[in-house]
Amino acid sequence: MKVTGIALVPPPTAADLPKVTPELLASVLARYSRSNEGLASILSKVDLAHPDESIDRILKFVDYGHASIGGLTGGLAIALDGVSMWLAYKIFEIAQMADGQESSTRYITMDAANLPTAAELGIPDDLAPRWNMVMARSFAAYHAEYARLDQLGQSQPELVRLPPNAKPAVVNRIRKNYALDRARYFIPLATRTNLGLVQSSRMWATTVKHLDSLAHPEAKRAAQLIRDELVKQSPRLMRHSSAEKSYAEQAAQELGTSLRLGLERLSTAPLADQVWVKVDADAPPWLREEQPIAEALRHRANRYGYQGTATRRMRVTFAWNNMALAELRDLNRHRTGHRYTPLIQAGFYLPPEIKHGAHQALLDEQAALTRELMQRGSASYVYSLLLGAQTPFEHSTQADKFIYEAELRTGMGAHFRYAEHLSAVLREFFTQVPAAKGWVVEGTAEPE
């Protein structure tokens, strides 16, 4: 695992660009909020040659909490190389106010050599050989199915849904994606990936505190590396980023729930699709919603258009019983609202092009290893999961954000399984909000 950071903080004036550190900027803006001097006057009293002394003087004078100014540090960018897919998922779950990107499965190394060691992940020593074997067999299954599906796409191009008159390079890319998108369910969740996030020092401190409170050695190691990097930019604020009792207690309780549900529901059989949608459009009697749904939606040129109060004020919670981790990794990145999953294997998804029976021995071995880790109460059970593991997943947000997600995940180039999941939720949403049906653009996930 490797962590690097870059400060992306614009100063009050262009002339100060090389000089104003994130923490100095935050302290100056905090002083600004407690003064009528004006920003230019405050900056004139700052010794840019000795920023630390200036920060200390301001902090002593203003007397404010670290959280109240942490968000004033602007964007601090951190890149994490070589973290597991599980840790990348967890960081996106925690850092709900961050902007970020993760390496696509289309561009990372699919090989057992691209895994952390069992010791790094906290897998018990006596189970390490067994874990290594299951991981190697999983990658072998991925490569075998990828090669078979790639050949199938060449012999039966109608399966790949190629656009008319596509150039050879486009045909090759879409066919490769067709094979990868169906074979990827054998990829281990422990596979190394990379991610980069941008957020304020305040949110970084919360993220690091949360990571440091988890039971996973990889999370604690990441917390230390991120803290070491951010101390260079925001030393005072990062003092508040160590593990904390409330975070550790909630993490322990959530792990306990996951272990209990995981042992109750562990299965390699595919779960049939079920969805649950709850729409709440209620409002206080003195501020009832007056805008028709059509007026909230019909003026948009595309999904990026601004929606009206009828959908912005409407709360929506939607959930699936069977979200494969392959899809969860992306749907988890929709930052609005709250997302929750116990992250268990209640079933195992494979697309119709892949026969479950051909890989049942591998899936049985993988499930048995997961069961053993859960029975031992080990948080490392997450690293025995493959991307085909199906888990319940819930997301609560507002209707305008939900509509954007549904249009995005069924639109041009969307993964076929995203489209199935979001289409199912949309159907239930329309039964509860029928006036939205004519104005929400449900796509067909055609390739691009």
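All of the numbers you see were taken from the coordinates with simple rules; none came from a lab. Computed from a predicted structure; not experimentally measured. FYI the Cβ positions are ideal-geometry reconstructions off the backbone, even for glycines, and counts take in every protein chain you see.
Relative to the longest principal axis of the C-alpha atoms of the chain, give the angle of the C-alpha long axis of helix 217-230, reported between 0 and 90° and rounded to the nearest 10°.
That helix lies at roughly 30 degrees to the long axis.
Rounded to the nearest whole Å³, what is the per residue volume of the convex hull around the Cα atoms of the stretch 96-150? Please list the in-between numbers first.
Details: hull volume 6.6 nm³, N = 55.
So the per-residue Cα hull volume is 120 Å³.
Once both axes come from the Cα atoms, what is the angle between helix 85-94 and the longest principal axis of the chain, in degrees from 0 to 90, rounded to 10?
It works out to around 50 degrees.
What is the Rg over Rh value, at two decimals, for the stretch 176-328, using alpha-carbon atoms and the Kirkwood definition of Rh?
For the stretch 176-328, the value is 1.06.
Counting only C-alpha contacts under 8 Å and six or more residues apart, can you give the relative contact order of the stretch 280-394 as a whole percent?
Values: 118 pairs, mean separation 40.7, N = 115.
Normalised by residue count, the contact order of the stretch 280-394 is 35 percent.
Give me the Å³ per residue figure for the convex hull around the C-alpha atoms of the stretch 227-288. Show your work: numbers first, answer last.
On the way: hull volume 17.6 nm³, N = 62.
In the stretch 227-288, the Cα convex hull volume per residue is 284 Å³.
With θ set to phi - 60° and the Karplus curve 6.51 cos²θ - 1.76 cosθ + 1.60, what are the ³J(HN,Hα) couplings of the stretch 104-121 in order, to the nearest whole Hz, using x for Gly and Pro?
Each residue's phi maps through the Karplus curve to give 5, 4, 6, 10, 10, 6, 9, 7, 4, 5, 9, 10, x, 6, 4, 5, 4, 8 Hz.
How big is the chain by Rg and Dmax over its Cα atoms, in Å?
24.5, 74
May I ask for the Rg/Rh ratio of the stretch 250-323, computed from Cα atoms with Rh as the Kirkwood radius, given to two decimals?
On the way: Rg = 19.4 Å, Rh = 16.3 Å.
With Rh from the inverse mean 1/r over Cα pairs, Rg/Rh is 1.19.
Above 17 angstrom, tally the Cα pairs of the stretch 395-441 and express them as a % of all pairs, no decimals. All intermediate terms of the calculation are to be shown ahead of the outcome.
Details: 281 of 1081 pairs.
Every Cα pair in the stretch 395-441 considered, those over 17 Å come to 26 percent.
Give me, ordered by chain and number, the residues 5 or more places off residue 386 or on other chains with an amide H under 5 Å from its own placed amide H.
189
In the structure displayed, which of 90/232; 90/278; 245/278; 2/245; 90/401; 90/176 lie more than 31 Å apart, Cα to Cα?
Working: 90/232 24 Å; 90/278 25 Å; 245/278 33 Å; 2/245 27 Å; 90/401 21 Å; 90/176 29 Å.
Correct reply: 245/278.
Averaging sequence separations of C-alpha pairs under 8 Å and six or more residues apart, then dividing by the length of the stretch 199-339, give the relative contact order as a whole percent.
Numbers: 116 pairs, mean separation 27.9, N = 141.
So the answer I get is 20 percent.
Taking every pair of alpha-carbon atoms in the stretch 177-261, give the share separated by more than 20 Å as a whole percent.
Details: 1735 of 3570 pairs.
That fraction is 49 percent.
Normalise the Cα radius of gyration of the stretch 330-448 by 2.2 N^0.38 Å (N = residues in it) and let me know the number. Could the numbers behind the result be given before it?
Values: Rg = 17.3 Å, N = 119, 2.2 N^0.38 = 13.5 Å.
Rg over 2.2 N^0.38 Å, computed on Cα atoms: 1.28.
Per residue and in Å³, how big is the convex hull formed by the alpha-carbon atoms of the stretch 262-392?
Details: hull volume 20.0 nm³, N = 131.
It comes to 152 Å³ per residue, whole-number rounded.
Quick one: helix 245-265 against the long Cα principal axis of the chain, what's the angle to the nearest 10°, folded into 0 to 90?
10
Are there any chymotrypsin sites (Phe, Trp or Tyr not before Pro) in the stretch 95-146 that are in a DSSP loop and have at most 11 other Cβ atoms within 10 Å? List them by number.
Numbers: sites: 107, 131, 139, 142, 146; in loops: 107.
Loop-located and lightly packed - 107.
Using only alpha carbon pairs under 8 Å that are at least six residues apart, calculate the relative contact order of the chain and give it in whole percent.
Numbers: 740 pairs, mean separation 82.3, N = 448.
Result for the chain is 18 percent.
In whole angstrom, how long is each semi-axis of the equivalent ellipsoid of the stretch 365-434, when you take the square root of 5 times every eigenvalue of its Cα gyration tensor and sort them from largest down?
Working: eigenvalues 227, 40, 21 Å².
Semi-axis lengths for the stretch 365-434 are 34, 14, 10 Å.
If the chain between residue 228 and residue 446 were fully stretched, how many nm would it gain, using 0.36 nm times the residue separation less the Cα-Cα distance? Spell out each step's value before the answer.
On the way: separation 218, 0.36 × 218 = 78.48 nm, distance 4.45 nm.
Difference between extended and current length: 74.0 nm.
Using 5 Å bins from zero, what percent of all Cα-Cα pairs in the stretch 105-213 falls into each bin?
Going out from 0 Å in 5 Å bins, the stretch 105-213 shows 2, 10, 15, 14, 13, 13, 11, 9, 7, 4, 1, 0 percent.
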